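The values are calculated or read from the model by the stated rules, or taken from the named source; none is laboratory data. Owing to the predicted nature of the structure, the values given are computational and were not obtained by experimental measurement. Using ideal geometry, Cβ is built from the backbone for each residue, glycine included, and neighbour counts are taken over all protein chains shown. These area figures cover heavy atoms from the full protein model, side chains too; ligands, DNA and RNA do not enter into them. Shrake-Rupley method; radii C 1.70, N 1.55, O 1.52, S 1.80 Å.
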Amino acid sequence: MKLSRSLAAVTAVASAVVLAFVPTAQAASTLVVGGASSVATIVGDCKVAYTAKSGDSFAYASSSSGQGQKDMESGKNDFSYSDSAHLTSQSGTAIPASEIHIPAWVWPIGVQYKDFASGRKIAISAKNLALIFAGKITKWNDPKLQADNNRTISRTIFKTDGAGNAVKDAKGNPIVLNTVKVTQKITLPSQPITVIYRADSSGTTGNLLAAFSKIDPTNWANASATGGTKVFASSDAKAAVLADPIHFQGASGSAGVAQLAAKTPYSITYAETNFATLNNLGLANIINAHGDLVQPDDAAAAAQVASATISDKGIVTLDYVNQAAGVYPFTVVTYALALTNYGDKTKAAAVKNAIEWHAFNCPDTAPNDGFIKIDKTSALGVKISSLIAKLGA
């Protein structure tokens with residue numbers, strides 16, 4: 001079932017769910033939190049506001065989704081953020097029996113490149129992007145990429161508020177204003193493409209490859225459609241990486257790949273959109289399965305997640321070949337991995353407060369960090385709240 005249907009029962013009892021956690025007079029808690037590097041910037045940008053609101057705090061240990069999962073297995077973290085579902089042990093130690101997934105953040109993977117187009121945004125079809133990372137398209141002026149950038153194409157315009165957030169209907173779907181025709185006319189350079197990939201075990205990589213497995217199953221036959229943490233150099237692209245280490249280069253973390261791309265002419269990489277701004281990189285528009293030119297923004301990511309399915313355990317399944325207008329295929333859900341049994345009421349309350357506040361309030365506090373605003377009353381918002389309510393002592 002789709003989100004709008006499968007969550008109907010949850011919505012019906014939404015009044016019984018606590019949607020906001022009010023700090024009590026108890027002593028402040030300091031939590032141990034870490035994991036996905038994708039959320040490090042926005043968590044840092046929200047730190048002061050979160051502590052002022054709750055009285056609690058945590059220093060976020062940014063590493064990777066795989067490390068965050070491992071730290072839940074060892075009991076080191078009170079909760080972790082992971083860009084992929086925690087379905088397989090990272091350490092050989094059992095996944096905690098009371099661990100649950102809370103789909104706490106939604107964001108688009110930004111396809112970023114060392115700018116060679118004088119500030120104009122290049123276009124890349126989802127299929128051609130898969131071919132680039134598989135080592136099948138190796139030059140920027142490949143006829144396939146030239147065709148992407150010399151055509152007239154549709155663009156869906158969504159309604160937004162004053163802060164640039166998509167305005168959504170009661171079901172959480174972004175409201176479409178109109179569709180316009182855009183003429184894309186850019187001559188690409190006759191230069192080899194350097195692919196900058198995540199060298200570490202990464203949920204961002206796992207999500208990108210999950211999309212590729214549906215968009216281009218011929219070249220990405222072994223990429224899991226369910227995501228998971230992945231090491232790019234061990235994926236279907238392994239042969240391309242080994243064959244050309246000059247034009248396939250790895251770096252650790254989102255900041256690492258963006259910084260390396262910024263120093264590497266004619267490079268391409270993938271990370272949260274805010275890293276493009278921080279490193280003066282171009283941010284490509286994507287041509288989706290519907291044939292639309294889409295930006296990696298709040299509205300397009302919201303359109304993608306609105307048609308997702310979500311299990312009772314909070315695991316979200318996205319349709320990467322979604323034929324709906326205006327959707328951004330490379331959209332990620334980052335989970336808060338937390339426990340239904342902490343054995344400590346104070347800690348459980350602090351974890352609830354932290355996850356809830358960051359999911360619903362942090363994107364408003366840091367609106368330029370590339371994470372979409374989730375409405376509490378939307379189907380996804382109600383599901384988040386119902387899962388948070390399960391966390392306990």
Gyration tensor on Cα atoms of segment 166-319, a ≥ b ≥ c root eigenvalues, a/c under 1.5 rounded, else prolate if a/b beats b/c, else oblate, says oblate
Residues whose modelled amide H sits under 5 Å from the amide H of residue 158, counting only those 5 or more places away in sequence or on another chain, are 177
A correct Karplus calculation of ³J(HN,Hα) over segment 172-180, with 6.51 cos²θ - 1.76 cosθ + 1.60, θ = phi - 60°, whole Hz and x for Gly and Pro, returns x, 7, x, 8, 7, 8, 6, 10, 10
Expected field for residue 151, accessible surface area in Å² at 1.4 Å probe radius, rounded to 10, holds 90
Going residue by residue through segment 282-297, the Karplus relation 6.51 cos²θ - 1.76 cosθ + 1.60 with θ = phi - 60° gives ³J(HN,Hα) values, rounded to whole Hz and with x marking Gly or Pro, of x, 10, 6, 8, 10, 8, 8, 5, 7, x, 8, 8, 10, 8, x, 10
Averaged per residue, the 1.4 Å probe accessible area of segment 299-393, protein heavy atoms only, in Å², is roughly 30
Classified through the alpha carbon gyration tensor (a ≥ b ≥ c as square roots of its eigenvalues; rounded if a/c is under 1.5, else prolate when a/b is larger than b/c, else oblate), segment 135-256 comes out oblate
Charge tally for neighbours of residue 273 with beta carbon under 11 Å away, counting Lys, Arg as +1 and Asp, Glu as -1, is -4
Counting sequence-distant residues (5 or more places) and residues on other chains, those with an amide H built under 5 Å from that of residue 79 are 32, 34
Quick calc, segment 138-258, dipole around Cα centre from Cβ unit charges on Lys, Arg (+) and Asp, Glu (-), nearest 20 debye, gives 380
Regression test value, accessible area per residue of segment 154-293, probe 1.4 Å, units Å², expected 42
Proximal lysine pairs in segment 255-393, meaning Cα under 26 Å and 8 or more positions apart or interchain, come to 20
For the chain, the dipole about the Cα centre with charges only on Cβ (Lys and Arg +1, Asp and Glu -1), to the nearest 20 debye, works out at 620
Residue 93 neighbourhood, Cβ < 13 Å, K/R = +1, D/E = -1, net charge -1
Whole-percent carbon and sulfur contribution to the accessible surface of the chain (1.4 Å, no ligands, DNA or RNA) stands at 53
Of segment 165-195, those with amide N under 12 Å from the point 7 Å along the Cα→Cβ vector of residue 116 are 187-195
For the chain the mean separation of alpha carbon contacts under 8 Å (6+ apart) over residue count, i.e. relative contact order in percent, is 27
With +1 at each Lys and Arg Cβ and -1 at each Asp and Glu Cβ, the charge dipole magnitude of segment 56-122 around its Cα centre, to the nearest 20 debye, comes out at 440
Counting Lys and Arg as +1 and Asp and Glu as -1 over every other residue whose Cβ sits under 9 Å from the Cβ of residue 252, the net charge comes to 0
Row for segment 160-229, column shape: gyration tensor on C-alpha, a ≥ b ≥ c, rounded if a/c < 1.5 i.e. under 1.5, prolate if a/b over b/c, else oblate; value oblate
Once the in-chain neighbours fewer than 8 apart are removed, the lysines whose Cα is under 17 Å from residue 238 read 136, 230
With every protein chain kept in place and a 1.4 Å probe, segment 25-93 has an accessible area per residue in Å² of 40
Computed over segment 204-272, the relative contact order (Cα-Cα under 8 Å, seq sep at least six) in percent reads 22
By the DSSP-based rule, helices of the chain that are at least 15 Å long along the axis (C-alpha) and have a mean Kyte score of at least 0.5 are 203-215
With the label point 7 Å along the Cα-to-beta-carbon line of residue 278 and a cut-off under 13 Å to each amide N, the hits in segment 216-246 are none
Diffing segment 265-272: the Karplus 3J(HN,Hα) column from phi (6.51, -1.76, 1.60, θ = phi - 60°), in whole Hz with x for Gly and Pro, holds x, 6, 8, 9, 8, 9, 5, 4
